[in-house]
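Notes follow the structure.
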Amino acid sequence: MRRFISLLAFAGALVFASPAAAHAPSADSTSSCVTDKGWTIEWSVGNDYKDDAVKKSITAVDQDGNDVAISGPLAAEGTIFKAHSDKHPEDQVKGTSTVGKDVSSVTLTVILY
């Protein structure tokens, strides 16, 4: 079974911020091999802007639109994404999702401000 991980990144800005202050998250992922129980996705999200950013929302859905749980620091409220962490994997915020073997793709959507 082929598995696909789709990463969608949307920029978010504070209500009073100018368009030049928008943050664009960068996202990457790796996945494990499919087992009888399913497979695991390790998410890694960074911030390409010159200032730190705060998570507004992060969601993951499978190919049928069902919510996929995210665990780890990526799921925590008020998570801070360090400035320029898009180029420094060690500074990126990590998370994990585990899905059943019937899931063929997962899409991650990230909004920072």
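What follows draws every value from the coordinates through simple rules; no lab data is involved. Quantities reported herein were computed from a predicted structural model and do not represent experimental measurements. Counting neighbours? That spans all protein chains shown, and the Cβs are built from the backbone with ideal geometry, glycine included.
With a cut-off of 14 Å between beta carbons, the residues surrounding Tyr49 carry a summed charge of 0, where Lys and Arg count +1 and Asp and Glu -1. Taking 7 Å steps out from each Cα toward its Cβ at Asp52 and Ser71 produces label points 2.7 nm apart. Going 7 Å from the Cα of Lys82 in the Cα-to-Cβ direction, what parts of the stretch 34-68 have a backbone nitrogen less than 12 Å from that spot? 46-47, 52, by backbone N distance to the label point.
Compute the signed sum of charges (Lys and Arg +1, Asp and Glu -1) over the other residues within less than 10 Å, Cβ to Cβ, of His84. Don't skip to the answer; put the middle values down first.
Working: positive: Lys50, Lys82, Lys87; negative: Asp48, Asp51, Asp52, Asp86, Asp91.
Neighbour charge sum, excluding His84 itself: -2.
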